[in-house]
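Asks: Mind looking over this structure? Questions follow.
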Amino acid sequence: MSSGPVDLCYRSATALADAIRARKVSSREALDALAARIERHDRDLNLVVTLDLERARRDASAADDELARGQWRGPLHGVPMTIKDSFQTAGLRTTSGAPELASLVPAEDAVPVARLRAAGAVVFGKTNLPIYAGDVQSYNEVFGQSNNPWDPSRTPGGSSGGSAGALAAGFTPLELGSDIGGSIRNPSHSCGVVGHKPSYRLVSARGQIPGPPGTLTQADIAVAGPMARTVEDLELALEVLAGPDEWESVGWQLALRPARHERIEHFRIAAWIDDPFCPMSREVAALLHGAVDAVERAGATVAREARPDFTFEYASRVYDQLLGAAECGGYSFAEIEEMATRVLAGTHDPGMEHAVLRHRAWLSANERRLQMRKKWFHFFKQWDAILLPVSPVPAIPHDHSEPISRRTILVDGAARPYGDQIKWMGLTGVAYLPATVVPVGVTSEGLPVGIQIAGPYLEDRTTLAIARHLERLLGGFRPPPRLAS
């Protein structure tokens, strides 16, 4: 393997950690290569919005010195990485894209950030997102618009768009994202990288904004999880991130079961690629069906008509209710009251009614969610996983028009609701299921497309194992051609 700067920047986190531990590459050398690449390419992309290179260089040098003394912190020892700007980072500005937080410097790390540092990671910067992680594009008043490394006229997705774009551009080997409405999965699809949405509460998200800084409540549906360029790195990072936090560790420990199978021919996989409730573009559908065909040719048992015992439309309706309720924690009491008044008057924006649900209505929606979880549980007694789209289209052109509820996307020339971009991810997110996204190819316009591999609750290793097979069968991550040097 070449030791040139481009090669170094595109090494996987696992390979880089191995090279640092073997003292073939220093942590400081890797950090300087990434910083130089950001300096060269990020002016047109605006993905890494805050840098902390002085402290990071001290930390990298300390990691190198520790290895020289025979000391090793953990599997990410000396690996430089960036963090999504919604996660609090001690001593490093964290804004969540909000003007009112533009100068916030937290005193402590979010729980997942602390775990990455404890495993030896060197955090050197923060990546862009929409304000309060609330869009499938990544722009805000603090840092402006982030652009997709495959085509700067398009968004890198959201809300972890800066994270996915930085991975694709070779600015970082590993990232920490969050996902309540597909915020790990959508940008992984849009930028051609890999991402894992863990089972709900498998990874503590305490310390993420929103809610306001210092909030201890962890929102319903929302998770924190790893993003990378290889599935191997997702597995490595999940081992670091998963498990009880300090409050819970006195009473329980995590023991994730291994993947259901190792060999692809032993897996039983369902495929739900098409549904009139949320139609796919022809090109995206063709790539997804090609991925399903590849898995079947490799020997897996594939069922294209198997479905859980509820409709997509029903699941989406329940998801919309619970998502709106979960997101209301980011509003002030006065804002909630104003929205409730508008809902009663019939002058509200679409979806606003979900943010002002009465508790009785939320309990009803939650019961419907639990009934769906039971049906998924029985479905996965017969099937090991299900293959699903991420979004009907690849990365969309930038669209900052307001209100968001009136935006649309084009699916083969037909206008569809902007919210169609999250429906396929809500199908599994509402039920707390793990889901891994891997790239399956590029469109005729040269835009990447990913597929979603969802599986049984707390069986994250099964979706990751299937993702490894798809990565091998279809080639996995490839750098955007315009950033090949």
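The values are calculated or read from the model by the stated rules, or taken from the named source; none is laboratory data. Since the structure is predicted, the reported quantities are computational estimates derived from the model, not experimental observations. Because the Cβ atoms are built from the backbone with ideal geometry, glycine has one as well, and the counts that use them run over all protein chains shown.
Asks: Any residue that is more than 27 Å from SER138 (Cβ to Cβ) and free of Cβ contacts under 8 Å to residues at least 40 places away in the same chain - is there at least one of those in the range 26-44?
Replies: Checked against the condition, which is being more than 27 Å from SER138 (Cβ to Cβ) and free of Cβ contacts under 8 Å to residues at least 40 places away in the same chain, the range 26-44 yields at least one hit.
Asks: Here is a follow-up. Identify the single condition in (1) buried (at least 24 other Cβ atoms within 10 Å of the Cβ); (2) more than 27 Å from SER401 (Cα to Cα); (3) touching a Lys or Arg at 6+ places or on another chain (Cβ under 9 Å); (4) β-branched (Val, Ile, Thr) that VAL111 does not satisfy, given that it satisfies every other one.
Replies: That leaves (1) as the condition not met.
Asks: Out of all the residues in the range 287-319, which are among the polar types (S, T, N, Q) and buried (at least 16 other Cβ atoms within 10 Å of the Cβ)?
Replies: Hit for the range 287-319 is SER316, nothing else.
Asks: Now a separate question. Quickly run through the range 163-199 and pick out the residues that are in a helix (DSSP H, G or I) and within 18 Å of ILE38 (Cα to Cα).
Replies: Once the filter is applied, which keeps residues that are in a helix (DSSP H, G or I) and within 18 Å of ILE38 (Cα to Cα), the range 163-199 yields SER163, ALA164, GLY165, ALA166, LEU167, ALA168, CYS191.
Asks: Turning to a different aspect of this structure: Of the residues GLY243, GLY211, GLY207, GLY251, only one is modelled with pLDDT under 90, among the small types (Gly, Ala, Ser) and more than 14 Å from the chain's Cα centre (by Cα); which?
Replies: GLY211
Asks: Out of the residues in the range 67-87 that are among the hydrophobic types (A, V, I, L, M, F, W, C) and under 15 Å from ARG117 (Cα atoms), which is surrounded by the fewest Cβ atoms within 10 Å (Cβ to Cβ)?
Replies: Checking each candidate, the answer is TRP72.
Asks: What is the number of the single condition among (1) more than 25 Å from GLU239 (Cβ to Cβ); (2) surrounded by fewer than 19 Cβ atoms within 10 Å (Cβ to Cβ); (3) within 23 Å of the chain's Cα centre (by Cα) that TYR457 does not meet?
Replies: (1) is the only condition that TYR457 fails.
Asks: Let me ask something else about it. Residues of the range 81-107 being among the hydroxyl-bearing types (Ser, Thr, Tyr), within 19 Å of the chain's Cα centre (by Cα) and more than 17 Å from LEU216 (Cβ to Cβ), which ones?
Replies: Once the filter is applied, which keeps residues that are among the hydroxyl-bearing types (Ser, Thr, Tyr), within 19 Å of the chain's Cα centre (by Cα) and more than 17 Å from LEU216 (Cβ to Cβ), the range 81-107 yields THR82, THR89, THR95.
Asks: PHE379 versus (1) part of a helix (DSSP H, G or I); (2) surrounded by fewer than 16 Cβ atoms within 10 Å (Cβ to Cβ); (3) touching a residue at least 60 places away in the same chain (Cβ under 8 Å): which is the lone unmet condition?
Replies: Single failed check for PHE379: (2).
Asks: Quick check on this structure: which one of LEU92, LEU76, LEU101, LEU47 is in contact with a Phe, Trp or Tyr (Cβ under 7 Å, 6 or more places away or on another chain) and hydrophobic (A, V, I, L, M, F, W, C)?
Replies: It is LEU47.
Asks: Which residue pairs have Cβ atoms under 7 Å apart, sit 6 or more places apart or on different chains, and have a first residue in the range 200-211 that is at negative phi and a second that is of a type in the set (Val, Ile, Thr) and at pLDDT 95 or above?
Replies: Matching pairs, first to second residue: TYR200/ILE221; TYR200/VAL223; VAL203/VAL223; SER204/VAL111; ALA205/VAL223; ARG206/VAL111; ILE209/THR94.
Asks: Got a sec? Which of ILE386, ILE422, ILE396, ILE409 is of a type in the set (A, V, I, L, M, F, W, C) and either within 29 Å of ILE264 (Cβ to Cβ) or surrounded by fewer than 19 Cβ atoms within 10 Å (Cβ to Cβ) (or both)?
Replies: It is ILE386.
Asks: Additional query: Taking the range 13-66 on its own, how many of its residues are charged (D, E, K, R), surrounded by fewer than 20 Cβ atoms within 10 Å (Cβ to Cβ) and assigned to a loop (DSSP other than H, G, I, E, B)?
Replies: 5
Asks: Looking at the range 401-444, what strands (runs of 3 or more DSSP E) fall wholly within it and have at least 1 residues that are within 19 Å of ALA133 (Cβ to Cβ) and at pLDDT 95 or above?
Replies: So the answer is 435-442.
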